[in-house]
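Inspection log for the structure reproduced underneath, given as structure tokens.
The values are calculated or read from the model by the stated rules, or taken from the named source; none is laboratory data. Source: prediction; values computed, not measured. Reconstructed Cβ throughout: ideal geometry from the backbone, glycine too, with neighbour counts over all protein chains shown. Note: areas computed on protein heavy atoms with side chains; ligands, DNA, RNA excluded. Shrake-Rupley method; radii C 1.70, N 1.55, O 1.52, S 1.80 Å.
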Amino acid sequence: MSQSFLPRSQRGILYMVLASLLFSTGGLVLKWCDWPALAINGARSFFGALVIGGFMLLTHRKLILNATTILGAFSYAAMTTLFVMSNQMTTAGNAIVLQFSCPVWIVLFSLVLFHNKPTRKEILVLLLVAIGILCFFLDSLSAGHIVGDLCAMISGFFYAVLFMINSLKGGDALSSVLVGQLVSLIFLGPQALHCQWTLPNTLSIMWLGAFQVGAAYLFFSLATALISPLQASLISAFEPILNPSLVALAGYEKLSGLSLLGAAIVIGAVVWNSLPKKTQSISSRTS
């Protein structure tokens with residue numbers, strides 16, 4: 001009954017916006033934890049698995065294990081590990097903008113796997129988002145962080161795979177995320193036993209696990225089941241704006257006028273792409 005308040009697509013958009021807001025806290029909170037990247041991803045996966053697993057138990061949702069969900073689990077583990085590594089080896093701006101190459105990969109995957117050609121509007125929105133993000137991070141992208149930048153780009157590839165999971169036969173993003181978290185916990189979690197569990201580190205790990213990946217990927221999984229992979233990835237463009245913005249507000253990095261222009265372009269493009277078709281047609285007639 002609660003689902004009747006919003007249409008299917010609008011619920012998907014809302015879930016993806018909530019996911020992006022939670023994802024965007026990662027850059028700042030990672031600054032507060034002095035653990036190695038692999039230990040961080042292993043330990044936070046414990047709290048993330050509690051959130052995702054608890055939701056699946058409460059909603060009586062079955063865990064689906066097949067080739068597609070295992071592919072998604074591997075992609076999740078690789079994407080999150082590489083992203084944490086990139087955040088420690090390059091700036092938050094570099095990490096998030098290079099990871100956001102994922103919409104380009106999604107267009108290529110959709111074209112190769114499903115022969116779905118992007119519409120003119122989707123191509124235009126994609127170009128606007130690329131221009132906006134390029135403006136936003138033009139002053140932060142540098143040649144001095146090659147390894148970290150490379151990790152972020154590869155992370156974007158695996159992020160695109162995760163966006164596609166619900167569109168593939170037998171796919172279930174929630175199952176993929178849960179299994180991916182358990183894999184990360186088993187293989188990387190033991191490294192956290194050798195780290196210092198100070199109050200800032202402990203609170204950071206709990207937030208990163210329960211909210212920045214746990215609740216965020218819960219909303220992410222629900223969203224990608226309701227809207228297209230490309231639309232979901234474009235809505236997530238809010239993350240590469242908010243992530244370094246929070247880091248800048250905390251004094252770790254600085255924002256320029258060009259960055260603010262890029263933010264306006266990205267947000268405008270995403271809002272335009274997310275408008276209901278009726279609203280778009282009304283806007284076109286009035287203009």
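Return a yes/no flag: does region 54-61 have any residue that is within 24 Å of residue 240 (Cβ to Cβ), assigned to a helix (DSSP H, G or I) and open to solvent by less than 40 Å² (accessible area, probe 1.4 Å). Within region 54-61 (the criterion being within 24 Å of residue 240 (Cβ to Cβ), assigned to a helix (DSSP H, G or I) and open to solvent by less than 40 Å² (accessible area, probe 1.4 Å)), the answer is no, since none of the residues qualifies. Filter region 74-85 down to residues that are more than 27 Å from residue 118 (Cβ to Cβ) and hydrophobic (A, V, I, L, M, F, W, C) and give me whichever is surrounded by the most Cβ atoms within 10 Å (Cβ to Cβ). If we take residues in region 74-85 being more than 27 Å from residue 118 (Cβ to Cβ) and hydrophobic (A, V, I, L, M, F, W, C), then 84 is surrounded by the most Cβ atoms within 10 Å (Cβ to Cβ).
Here the condition is being outside any loop (DSSP other than H, G, I, E, B) and open to solvent by 40 Å² or more (accessible area, probe 1.4 Å); of 220, 158, 187, it holds for 187 alone. Here residue 169 meets the list (1) in contact with a Leu (Cβ under 9 Å, 6 or more places away or on another chain); (2) open to solvent by 50 Å² or more (accessible area, probe 1.4 Å) almost entirely, failing just condition (1).
Scanning region 86-115 for residues that are of a type in the set (A, V, I, L, M) and buried (at least 24 other Cβ atoms within 10 Å of the Cβ) gives 92, 95, 96, 97, 98, 106. Only one entry in 45, 20 is crowded, with 18+ Cβ neighbours inside 10 Å, of a type outside the set (D, E, K, R) and at pLDDT below 95, namely 20. With the structure loaded, tell me whether residue 192 is within 21 Å of residue 21 (Cβ to Cβ), open to solvent by less than 20 Å² (accessible area, probe 1.4 Å), touching a residue at least 60 places away in the same chain (Cβ under 8 Å) and in contact with a helix residue (DSSP H, G or I) (Cβ under 8 Å, 6 or more places away or on another chain) or whether it fails that test. For residue 192, the condition - within 21 Å of residue 21 (Cβ to Cβ), open to solvent by less than 20 Å² (accessible area, probe 1.4 Å), touching a residue at least 60 places away in the same chain (Cβ under 8 Å) and in contact with a helix residue (DSSP H, G or I) (Cβ under 8 Å, 6 or more places away or on another chain) - is not met. When the residues of region 228-262 are filtered to those that are small (Gly, Ala, Ser) and assigned to a helix (DSSP H, G or I), the one that is most open to solvent (accessible area, probe 1.4 Å) is 257.
Hey, does region 35-49 have a residue that's more than 21 Å from residue 167 (Cα to Cα) and either of a type in the set (Lys, Arg) or in contact with a strand residue (DSSP E or B) (Cβ under 9 Å, 6 or more places away or on another chain) (or both)? Steps first, please.
The first filter runs over region 35-49 and keeps only residues more than 21 Å from residue 167 (Cα to Cα), leaving 35-49.
Keeping just the survivors that are either of a type in the set (Lys, Arg) or in contact with a strand residue (DSSP E or B) (Cβ under 9 Å, 6 or more places away or on another chain) (or both) gives 44.
So far as region 35-49 goes, yes, one or more of its residues are more than 21 Å from residue 167 (Cα to Cα) and either of a type in the set (Lys, Arg) or in contact with a strand residue (DSSP E or B) (Cβ under 9 Å, 6 or more places away or on another chain) (or both).
Has region 196-204 got at least one residue that is crowded, with 20+ Cβ neighbours inside 10 Å, in a helix (DSSP H, G or I) and touching a residue at least 12 places away in the same chain (Cβ under 8 Å)? Scanning region 196-204 turns up at least one residue that is crowded, with 20+ Cβ neighbours inside 10 Å, in a helix (DSSP H, G or I) and touching a residue at least 12 places away in the same chain (Cβ under 8 Å).
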